[in-house]
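The values are calculated or read from the model by the stated rules, or taken from the named source; none is laboratory data. Since this is a predicted model, take the numbers as computed values, not measurements. With ideal geometry, Cβ positions are generated from the backbone for all residues, glycine too; neighbour counts draw on all protein chains shown.
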Ligand code: ASP
């Protein structure tokens, strides 16, 4: 028998490999039927997938006799390689969408900013507050992650990273400028892409003021591209349940149960950061002279919908309705800031989550989380906090941005364990994202005298 063919090309030598590939296919078929017959919604299927992936990983470990180093067993290694086809393949498809999404959506956000007298103040205060609160979220998350040693002493990896030469801040900033935008796009260099997209967007606005006809075809084209990319994103995110089974089973089977301590710590720190962030948001409201208790009452519907739907975009109409009807905020301000918040300045996703993932990976691979790292991280977060899709799991399209920018991109796969419990984290993320956008809308609205305080305070 040609062993090289089986061992190295097919990666299939033991009966266990066949059985577990078969089992994964059976689970996929079951998920497919549940979807086709509309027995379970996407959220339901995600939860089921989490449960199944966990179970499958445990069964693999059990059949192997609970080994301490599972990857030392040939057939587990083979199963992992095969499952990787789905798990790593899914991650690759997500990354495929990042550059087009960032380019197109940033151009779009800038082009679609409405004109008007107070537009300057509205934009600067809205964007400023969203970025500021996102950074507060990141700082809370970095602090808690370091206090609890997130990712340190992890059994997941051994540091293979070489000590990097220290580059000056000037060189770093210069390196972020897109000297060749096409190179930036093809290398997946996100910050140069964001800067290039912003220039394109601003130039379109200037040209629109002079003669809109010339740029209209481009605006339409960009709008069409946005719709196409969002459809692709929806499709890819729709495969999340399948990917979760493979991701989770792989994670558990190849690393043993220890990984769960890691994920449990992550989830604990994450939820604690969200709660602290909520207190910060309420403090900002109180400082603006708006009652937090009334806020919870007036915005309850939007907040609950955010938590359960896991989509800032999906919640948008309800957010606008609650702001205008229950809080007496004017429609323009409400629509502008909540739409901005459904695509960026997300306190939970861009702030807390991205910061935690970056710190965790840095600690896992032994990269120092020092002052330079933190400053770079905050810079990247503020620069890249616009362009996240407000859909379930939307952050996954862009979570590689801070990692890539910090030189940790090659370790992206280490996020798999955390991704495996993403549906749960996403509920908290979206809740605090939407709450951040609502808080920003009300605070900016109050500063511009756009809030009808009588309506805000009224019993309803
Ligand atoms: N689901 C989040 C939102 O819509 C985005 C994310 O963090 O995945 O706000």
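Being over 23 Å from the mean Cα position of the chain (by Cα) and more than 16 Å from residue 250 (Cα to Cα) holds for only one residue in 120, 44, and it is 120.
Only helices (runs of 4 or more DSSP H) whose full extent lies in the stretch 80-195 are considered here, and the ones with at least 2 residues that are within 19 Å of residue 402 (Cα to Cα) and either touching a strand residue (DSSP E or B) at 6+ places or on another chain (Cβ under 8 Å) or at pLDDT 80 or above (or both) are 119-147, 181-187. Exactly one residue among 21, 4 is loosely packed, with under 15 Cβ neighbours inside 10 Å and in a helix (DSSP H, G or I), and that residue is 4. Evaluate the stretch 428-437: report whether one residue or more is under 13 Å from the mean Cα position of the chain (by Cα) and surrounded by fewer than 24 Cβ atoms within 10 Å (Cβ to Cβ). Scanning the stretch 428-437, I find at least one residue that is under 13 Å from the mean Cα position of the chain (by Cα) and surrounded by fewer than 24 Cβ atoms within 10 Å (Cβ to Cβ), so the answer is yes.
Every condition in (1) touching a strand residue (DSSP E or B) at 6+ places or on another chain (Cβ under 6 Å); (2) at positive phi is met by residue 449 except one, and the failing one is (1). Would you be able to say whether some residue in the stretch 434-451 is assigned to a helix (DSSP H, G or I), more than 16 Å from the ligand (Cβ to nearest atom) and closer than 26 Å to residue 57 by Cβ? No. Quick check on the stretch 368-380. Is at least one of its residues part of a helix (DSSP H, G or I), within 15 Å of the ligand (Cβ to nearest atom) and touching a residue at least 24 places away in the same chain (Cβ under 8 Å)? Checking the stretch 368-380: not a single residue is part of a helix (DSSP H, G or I), within 15 Å of the ligand (Cβ to nearest atom) and touching a residue at least 24 places away in the same chain (Cβ under 8 Å). Residue 353 meets each of the listed conditions (1) more than 22 Å from residue 124 (Cβ to Cβ); (2) away from the ligand (no atom under 15 Å from the Cβ) apart from (2). For the stretch 382-391, filtering for residues that are out of contact with any strand residue (DSSP E or B) (no Cβ under 8 Å at 6 or more places or on another chain) and crowded, with 24+ Cβ neighbours inside 10 Å leaves 2.
The selection criterion, being within 16 Å of the ligand (Cβ to nearest atom), closer than 29 Å to residue 91 by Cα and modelled with pLDDT under 85, does not hold for residue 271.
Filtering the stretch 266-303 to residues that are buried (at least 18 other Cβ atoms within 10 Å of the Cβ) and over 19 Å from residue 438 (Cβ atoms) leaves 266, 269, 270. Restricting the stretch 387-420 to residues that are more than 13 Å from the ligand (Cβ to nearest atom) and outside any helix (DSSP H, G or I) leaves a set whose member that is farthest from residue 349 (Cα to Cα) is 407. Among the candidates 277, 230, 282, the residue that is within 28 Å of residue 423 (Cα to Cα), within 19 Å of the chain's Cα centre (by Cα), at pLDDT 95 or above and not in a loop (DSSP other than H, G, I, E, B) is uniquely 277. For the stretch 337-348, the criterion of being buried (at least 18 other Cβ atoms within 10 Å of the Cβ), assigned to a helix (DSSP H, G or I), more than 14 Å from the ligand (Cβ to nearest atom) and more than 25 Å from the chain's Cα centre (by Cα) is met by no residue. Applying the criterion of being more than 22 Å from residue 332 (Cβ to Cβ) and more than 10 Å from the ligand (Cβ to nearest atom) to the residues of the stretch 306-317, the residue that is farthest from the chain's Cα centre (by Cα) is 308. For first residues located in the stretch 329-352 and without any contact (Cβ under 8 Å) to a residue 24 or more places away in the chain, partners that are more than 16 Å from the ligand (Cβ to nearest atom) and lie 6+ apart or on another chain with Cβ distances below 6 Å form the pairs 331/324.
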